[in-house]
1. Roughly how many Å is it from the Cα centre of the range 235-291 to that of the range 28-83, as a whole number?
2. Extending each Cα 7 Å along its Cβ direction at residue 75 and residue 51, get the distance between those two points in nm, one decimal.
3. With the crude spin-label approximation of a point 7 Å out along Cα→Cβ, what separation in nm comes out for residue 63 versus residue 320?
4. What does the accessible area per residue of the chain come to in Å², with a 1.4 Å probe and no ligands, DNA or RNA counted?
5. Express the relative contact order of the range 1-99 as a whole percentage, based on alpha carbon pairs under 8 Å and six or more residues apart in sequence.
6. Contour minus end-to-end for residue 166 and residue 216, with contour as 0.36 nm per residue of separation and end-to-end as the Cα-Cα distance?
7. Cα to Cα, under 20 Å, and not fewer than 8 places away if on the same chain: which aspartates and glutamates meet these conditions relative to residue 206?
8. With unit charges on the beta carbon (Lys/Arg positive, Asp/Glu negative), name the residue among 26, 287, 268 whose Cα is farthest towards the positive pole of the charge dipole of the chain.
Amino acid sequence: MKKALITGINGQDGSYLAEFLLDKDYDVHGIIKRNSIPENQTARIQHIYPVIKNNLYHADMCDMSSLLSVVQRVQPDEIYNLAAQSHVRVSFDQPIYTLDAIGRGTLNLLEVVRLTGATSKIYQASSSEMFGNSIDTDGFQRETTPMNPVSPYACAKLLAYNLIKCYRESYGLFAANGILFNHESPRRGTSFVTNKIVIGAVKIKKGLARNLALGNLDSTRDWGHAKDYVKIMWQLLQLDNPGDYVCATGQSHSVRELCDTTFRKLGMDYKEHVFQDPRFLRPAELNDLKGCTKKLAGVIDLNFDYTFDTMIDEMINYWMEKL
Ligand code: GDD
């Protein structure tokens, strides 16, 4: 039985990945940051909690000793580093913590693996945010596109990305970067734009709210489904050699289009409800993201279960029932 350790197991991606690995008969372990309300930390993994409750550990990416103790105890075959301060706008409010959790946190993990001589393969959750506003002439971002981060979050992710490459090349660690473009689901944090729009629209439909305040409506993103993408994380660790791969759908939509689609599916016009609130604008914006998966498609069979439309449908159905 293979053992996997997931940092951030209680996040959107961590919870889907845990399910995926349990289905593959892995012994799944996870790191959780302590919160004074423990239920908040396990909300996304309640359904698998009975199976993994003895494999959950309090640790923090900023506390190397806590990582050391977990890695020594679990001796994982695979480590998935998904923990982060993952909100781009919040990274402007908490730049130092963001850098610590993502940049130094990844270095802490790499040092634990190197110094203990562990043979664990490492997956790093790298991000399309690292590209900033660099776009190739064909409109896509790919592995060779220059990386010009425009937020503290993206700067921290770029540091972690480079550290993974550095430890792979310097020490021969099996360390892979998945450069994931935005990925969503009903489990997405409610302050990210997809779930914020879907929840806002459903509340308006049900008469629980009248309006929805958003930031920039003109940026475009390449939105895939988190459930499809966790499979790729695993596949990257099953390759003969570790590498760095873009994972995306290759299609982009603006935030405005996302509003239009969501409100239309609920029989409403977003223009009557959505307004711009400067509080949700960012000091610097990443305008357009669209990923090219040619390199990834060269090493694995790429087929996603979800489309943009079926993903939005799933999110709407979830919140229509829940609210
Ligand atoms: N969150 C948020 N809230 N975003 C808004 C809002 C709002 O009210 N209004 C407009 N937006 C715009 C943002 O300015 C951005 O251009 C776009 O919606 C998407 O924002 P988010 O959903 O917050 O995601 P993100 O693109 O900044 O970052 C996500 O994707 C990255 C991968 O590219 C996060 O998941 C990152 O952790 C991830 O690395």
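1. For the range 235-291 versus the range 28-83, the Cα centre distance is 29 Å.
2. Reported label-point gap for residue 75 and residue 51 is 2.4 nm.
3. About 4.4 nm, to one decimal.
4. 44
5. Relative contact order for the range 1-99 comes out at 35 percent.
6. Values: separation 50, 0.36 × 50 = 18.00 nm, distance 3.58 nm.
Extending this stretch completely gives an extra 14.4 nm.
7. Within the straight-line cut-off, residue 206 pairs with 260, 269, 272, 313, 314, 321.
8. Comparing the listed Cα positions along the dipole, 268 ranks first.
The values are calculated or read from the model by the stated rules, or taken from the named source; none is laboratory data. Everything quoted here is computed from the prediction, not taken from an experiment. Here the Cβ is made from the backbone with ideal geometry for all residues, glycine too, and neighbour counts use every protein chain on show. Note: areas computed on protein heavy atoms with side chains; ligands, DNA, RNA excluded. Shrake-Rupley method; radii C 1.70, N 1.55, O 1.52, S 1.80 Å.
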